[in-house]
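Data first, discussion second: the structure below is written as structure tokens.
The values are calculated or read from the model by the stated rules, or taken from the named source; none is laboratory data. Owing to the predicted nature of the structure, the values given are computational and were not obtained by experimental measurement. Glycine gets a Cβ as well: all are built from the backbone with ideal geometry, and neighbour counts include every protein chain shown.
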Amino acid sequence: MTVIRLKFIISYVLFKLFHPVQGCDKMGSSLEEVIGKIFPKEQYSFDPAILYAYSSDVSQFEQLPRVVVRPTDKEQVVKVVKYAAGEKIPLVARGNGSGAAGGAVPVKGCILVDFTLMNQVLEVNLTNHMVRVQPGIVHADLNNYLKKDKVLFPVVPGSSEMATIGGMIGNNASGLKAVKYGTTKDWVVDLQVVFPDGEMTWLTRPVRKSATGLDLVRLMVGSEGTLGLVVEALLRIAPIPPHRRIMQASFKNLEDLGKCVSALFQHGLIPSAMEVLDRSAIDAIHLYKEAVNLSPDAAAVLLLEEEGDELGYIQFRLQKFQQVCQENGAYNLHISQSEKENTQLWEARSLVGASSSLVKPGYNRIYVGEDITVPIDRLVEMFKKLRDLAKSYTLPIIVFGHIGDGNIHPAITVRKREPADLALAEKLQDEIHHAALALGGSVSGEHGVGLARKRYLPEERGYAIEIMRKIKQAIDPNNILNPSKIY
Ligand SMILES: Cc1cc2nc3c(=O)[nH]c(=O)nc-3n(C[C@H](O)[C@H](O)[C@H](O)COP(=O)(O)OP(=O)(O)OC[C@H]3O[C@@H](n4cnc5c(N)ncnc54)[C@H](O)[C@@H]3O)c2cc1C
């Protein structure tokens with residue numbers, strides 16, 4: 001620890017030596033002085049050890065920021081943006097740093113804006129079915145707050161206990177329930193944004209629909225902090241369905257499971273959640289929590305959740321699911337019998353990303369090539385490709401994901417100190433991404449572009465990336481907001 005601290009003190013001193021001008025405003029005040037005027041001292045830090053703690057998210061990228069600031073209100077955000085705009089100092093927004101693409105990783109010399117102290121629910125309006133929040137509130141905290149009113153923000157990432165609403169907006173996050181509820185963009189009504197020139201504004205009106213001009217809210221969602229800093233969000237909420245049941249179906253291989261998913265869609269049978277776990281994902285879960293009731297021998301398991309007001313209707317629907325699954329190679333069908341079992345299954349599913357590192361001793365998960373999406377009718381081909389890749393590469397790949405959205409998370413595990421493994425993982429992610437693109441898919445279903453997937457965007461989006469660059473240039477001509485990400 002002392003060595004690491006020393007390393008960063010040295011890099012910080014060197015950084016200061018070689019960047020003496022940036023950060024002094026036109027009046028000659030240093031960055032330290034200006035930040036000290038905007039924020040009380042407990043809300044910012046130049047301490048290299050603290051900066052180190054903020055130097056990465058869960059991706060492979062890292063960079064020290066120049067300073068970390070932790071605003072408690074939007075006026076502080078406006079002030080720091082105005083200062084940065086005047087001095088052309090880069091600004092990077094950060095929620096909890098659980099992003100997997102490097103979106104919240106600092107850029108060289110930046111002011112890192114940590115939003116986690118702006119974490120309040122400001123208003124719940126049950127008639128409008130909306131909640132107004134600050135961006136730093138953690139998803140699980142928001143839903144715990146809303147529970148007493150029997151409502152929820154229904155976009156549920158596996159990282160619910162970590163992801164902030166600002167980070168979810170930044171990445172257009174989604175997760176377990178996207179097959180029914182869609183993604184973050186479908187649940188954001190309005191945003192209050194501080195733009196790169198320091199102007200703060202709401203983007204539309206607090207209504208359920210509006211047809212007045214361009215949809216700037218949707219433009220902001222998924223823009224990864226490159227167009228503006230979100231300081232308040234007005235979100236739609238949904239009633240919590242009182243009942244749910246989860247059906248578990250085993251398959252002999254992933255391809256059969258993929259065919260079954262296509263068949264369910266063809267029958268118009270779309271549940272509230274639809275998840276896939278391959279054998280190693282099931283093993284990973286069992287290694288982490290032995291008690292979880294998942295098939296001991298299946299090559300792959302499909303989890304289907306159905307929710308609603310009437311248990312009888314849920315059971316009726318699940319019978320239909322059961323029939324189609326059985327006709328398409330499923331065996332060992334099991335329907336959960338209690339809320340305890342439901343919670344246990346979803347908790348286990350949420351842990352699979354982290355428990356992937358338990359599958360092979362010495363091998364740990366790295367977030368590369370981990371978030372592809374393909375059309376539902378190309379799932380079988382994608383699973384075949386993953387099987388072939390797993391054979392030709394020696395690295396363990398654990399497959400799970402939100403299969404109802406065609407969103408697969410192949411978790412690659414490596415020996416992190418083996419350069420050969422890292423080089424192999426790099427090649428493997430390339431193959432995974434190109435395979436998804438060749439099938440008409442996308443390199444990210446929900447984790448975003450950041451630094452990790454930037455190089456694939458021209459191939460995925462073609463001329464549309466030029467349009468994105470023009471929008472970025474128009475809104476942020478000095479390129480101070482999260483420069484070098486996405487475009
Ligand atoms: C174990 C695990 C499971 C996960 N499961 C899922 C999942 O099921 N679904 C899913 O979608 N993701 C998942 N993720 C990825 C991640 O949790 C999400 O992307 C999440 O939304 C990031 O939230 P955060 O608060 O950590 O944001 P950060 O990582 O801090 O930031 C994400 C992006 O948002 C920007 N940003 C943050 N706050 C603001 C703001 N106020 N204004 C403007 N821009 C801002 C940042 O600059 C950055 O570009 C998972 C990650 C892990 C580690």
| query | Identify, please: which residue in region 377-395 is surrounded by fewer than 17 Cβ atoms within 10 Å (Cβ to Cβ) and touching a residue at least 60 places away in the same chain (Cβ under 8 Å) and is, among those, nearest to residue 275 (Cα to Cα)? | reply | 377
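Do we have residue 101 as more than 12 Å from the ligand (Cβ to nearest atom), over 18 Å from residue 202 (Cα atoms), crowded, with 19+ Cβ neighbours inside 10 Å and small (Gly, Ala, Ser) here?
Against the criterion (more than 12 Å from the ligand (Cβ to nearest atom), over 18 Å from residue 202 (Cα atoms), crowded, with 19+ Cβ neighbours inside 10 Å and small (Gly, Ala, Ser)), residue 101 does not qualify.
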| query | Which of (1) out of contact with any helix residue (DSSP H, G or I) (no Cβ under 7 Å at 6 or more places or on another chain); (2) surrounded by 17 or more Cβ atoms within 10 Å (Cβ to Cβ) does residue 467 not meet, given it meets every other one? | reply | (2)
| task | Consider residue 106 carefully, then state whether it is more than 23 Å from residue 240 (Cβ to Cβ) and within 14 Å of the ligand (Cβ to nearest atom). | result | yes
| query | Quick one: is residue 306 of a type in the set (D, E, K, R) and either within 18 Å of residue 354 (Cβ to Cβ) or under 27 Å from the mean Cα position of the chain (by Cα) (or both)? | reply | yes
| note | Given the conditions (1) more than 19 Å from residue 171 (Cβ to Cβ); (2) of a type outside the set (Val, Ile, Thr); (3) within 24 Å of the chain's Cα centre (by Cα), every one holds for residue 401 apart from (1)
| query | Looking at (1) closer than 28 Å to residue 454 by Cα; (2) away from the ligand (no atom under 16 Å from the Cβ); (3) not acidic (Asp, Glu), which is the one condition that is false for residue 244? | reply | (1)
| said: For region 42-122, give me every one of the strands (runs of 3 or more DSSP E) that falls completely inside it and has 1 or more residues that are over 24 Å from residue 195 (Cβ atoms) and modelled with pLDDT of 95 or more. | reply: none
| remark: Out of (1) over 27 Å from the mean Cα position of the chain (by Cα); (2) surrounded by 21 or more Cβ atoms within 10 Å (Cβ to Cβ); (3) among the hydroxyl-bearing types (Ser, Thr, Tyr); (4) in a loop (DSSP other than H, G, I, E, B), the one residue 212 does not meet is (2)
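Looking at region 173-206 only, could you name the residues that are β-branched (Val, Ile, Thr), near the ligand (Cβ under 9 Å from one of its atoms) and not in a strand (DSSP E or B)?
Taking region 173-206 as the starting set, the residues that turn out to be β-branched (Val, Ile, Thr) are 179, 183-184, 188-189, 193-194, 201, 204.
Subset that is near the ligand (Cβ under 9 Å from one of its atoms): 183-184, 193-194.
Of everything in region 173-206, those that are β-branched (Val, Ile, Thr), near the ligand (Cβ under 9 Å from one of its atoms) and not in a strand (DSSP E or B) turn out to be 183, 184.
Out of 107, 81, 133, I need the residue that is in contact with a helix residue (DSSP H, G or I) (Cβ under 6 Å, 6 or more places away or on another chain) and touching a residue at least 60 places away in the same chain (Cβ under 8 Å). Which one?
Checking each option against the conditions leaves just 133.
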| request: Mind counting the residues in region 312-327 that are among the aromatic types (Phe, Trp, Tyr) and either surrounded by 14 or more Cβ atoms within 10 Å (Cβ to Cβ) or in contact (Cβ under 8 Å) with a residue 40 or more places away in the chain (or both)? | output: 1
| Which residue pairs have Cβ atoms closer than 9 Å, lie 6 or more positions apart in sequence or on different chains, and pair a first residue in region 249-263 that is more than 9 Å from residue 377 (Cα to Cα) with a second residue that is surrounded by fewer than 17 Cβ atoms within 10 Å (Cβ to Cβ) and among the aromatic types (Phe, Trp, Tyr)? | 249/331; 250/331; 251/331; 252/331
